[in-house]
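Comments concern the structure below.
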């Protein structure tokens, strides 16, 4: 993976060098074997050369798969297959010891193909059945191969591996090996059919021909000698056909693994190096993960502050319940804490554990971006809250000005005119009545002024404290209202008392106006360093914090004090407002 800034980790360079050395070693082995086979006349030279050539094909496909996808074990399995082919080719040389080794391991390439079938596409044996079947394949190739050379002196140079000719045991061993091999292939076919059944349509289109080819390639070994003569093929041609078919297996699997129909695990280790050397912004991080996993549509979302929802890099809420067709999600944790999730295309990536592994590699960067997203969201909320507080202040001032202009100011103007009239009348008759009217007007203006002052700062709150002021509110409610006070003794900070009073007043007003409730409950509890306020009604529900100016203003005021504002109001289930305010000890 070519990272921004041209950074390439030493780990990747070491891997490339190691694979290159393995490739050179394999090429040298194949060259030496071909040279050793050149003087043999036991079979056509081209046929003998196909064995090391098949090993080279396995090696090339395996090294390329290993290089492209270093965390996937499919490449190493193919390299093991190449080794088995090189060993089998030794049976055609003139050196007795090498021939004996080749005879003992003659059928191991078939076991490797079975291993490859079960391990694709992740390179791992994902079930106990697969592990037992692959182990059974190697037992068939290694253990049940023993009668073939142990009771047949002609199977090894000078009978060096034989204990004598026993045709009966040789025949029984041969049939046992074939029967056990068929059982292994039948179980393998069952496992593969089950995988096809659970695969997506896109994956099935890749897996079906691949699995069918792999099974037929294995079956070509026992069936070739039986079907070849009926097709007019010589023994050399049948063997050559078998070798070519088996050599095509790693090519087909490598092509399927790298074509993008399955999750691309290449370069995840390189991702770690990139994260260590680059500033991973949310956009660059998602792009790097997408490149590492082969899914350009990949998205990274971050856990919100309360952990109950997800946000994007700008702090905007993301609905992870409606991802869309073929979209899937893997949560990413740091320690035991959920920090975010990776949303990906399940038709491109079929291995959720691979996504989880990539997420763990990038967990620190994801957590850093989560904090950044949370900070951005907090800044946005703060700006909006400040704007709403300014607007609320402007509305309050406008309302006070309107009340003073329309009410108290008009009354004072009339009183001034009456006073002026009294001054002109001097000792005229009717002066006492005029004075009485003036006094009544002054009392009315004073009462109006007290109402305005009470709306701004209730006298009961100022003089007697929060509990008395709330009791006064409850007593004046037109609905049955219950008040429960726990551990609220003495006075609290003035800002806390004012905020708590207006929270209760606004909640009760909303309940009377909109909730269609029958009963109300108000609770005040001084819990340690926090004042907990609850207002509950049994009305129609459906209230939201964003639904009215009053609630939004209260939420902003609570937030400004560092408190918590929470409302629960399911439709038909009433409304419960819960507010926590820090208030010291």
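Only Cα pairs under 8 Å and at least 6 apart count here; give the relative contact order of the stretch 8-258 as a rounded whole percent.
So the answer I get is 19 percent.
Quick one: check the C-alpha center-to-center distance for the stretch 459-481 versus the stretch 171-221, whole angstrom.
81 Å
Find how much the distance from residue 175 to residue 331 grows on full extension, using 0.36 nm per residue of separation minus their present alpha carbon separation; answer in nm with one decimal.
So the extension gain works out to 51.0 nm.
Test of understanding: what is the full-extension gain from residue 18 to residue 353, defined as 0.36 nm times their sequence separation minus their Cα-Cα distance?
117.9 nm
Which residues in the stretch 551-585 have a backbone N closer than 14 Å to a point placed 7 Å from the Cα of residue 518 along the Cα-to-Cβ line?
Residues 573-574 qualify, since their backbone N sits under 14 Å from the label point.
If I model a spin label as a point 7 Å beyond the Cα along the Cα-Cβ vector, how far apart are those points for residue 196 and residue 226 in nm?
Distance between label points: 2.1 nm.
Once you put a point 7 Å from the Cα of residue 135 and another 7 Å from the Cα of residue 528, both along the Cβ direction, what distance in nm separates them?
Distance between the two pseudo-spin positions: 5.4 nm.
Cβ neighbours within 10 Å, averaged per peptide: list 356-366, 178-188 in order, most packed at the top.
356-366, 178-188
So what is the relative contact order of the stretch 460-582, in percent, for Cα pairs below 8 Å that sit 6 or more residues apart?
23 percent
Just to verify a number: FRET efficiency for residue 443 and residue 338, C-beta to C-beta distance, R0 = 60 Å, to 0.05?
According to the calculation, E is roughly 0.40.
Let me know the shape class of the stretch 8-258, please: from the alpha-carbon gyration tensor, a ≥ b ≥ c as square roots of the eigenvalues, rounded when a/c is under 1.5, otherwise prolate if a/b is greater than b/c, or oblate.
Oblate, since a/c reaches 1.5 and b/c is not below a/b.
Be a star and scan the stretch 318-336 for residues whose amide nitrogen sits under 17 Å from the point 7 Å along the Cα-to-Cβ vector of residue 364.
333-336
Using the basic label-point model (7 angstrom from Cα toward the beta carbon), what is the residue 468 to residue 38 distance in nanometres?
11.4 nm
Please work out the FRET efficiency for the pair residue 189 and residue 544, using the Cβ-Cβ distance as r and a Förster radius of 60 Å; give the result to the nearest 0.05.
Plugging the Cβ-Cβ distance into 1/(1 + (r/R0)^6) gives 0.55.
Give, in nm to one decimal, the length gained when the segment between residue 487 and residue 309 is fully stretched (0.36 nm per residue of separation minus the Cα-Cα distance).
Gain on stretching residue 487 to residue 309: 60.6 nm.
Using packing as a proxy for protection, rank 232-243, 210-221, 104-115 so that the peptide with the highest average count of other Cβ atoms within 10 Å comes first.
By packing density, highest mean first, the sequence is 104-115, 210-221, 232-243.
How long are the semi-axes of the equivalent ellipsoid of the stretch 460-582, taking √(5λ) for every eigenvalue λ of the Cα gyration tensor, in whole Å from largest down?
For the stretch 460-582, the ellipsoid semi-axes come out as 22, 17, 12 Å.
What ranking, highest mean first, results for peptides 331-337, 537-543 when packing means the other Cβ atoms within 10 Å averaged over each residue?
Top of the packing list down: 537-543, 331-337.
Taken together, the values in this text are just the output of simple stated rules run on the coordinates, not laboratory data. Predicted model, so just to flag it, every value in this text is computed and none were measured. Please note: Cβ atoms are built from the backbone with ideal geometry, for glycine as well, and neighbour counts cover all protein chains shown.
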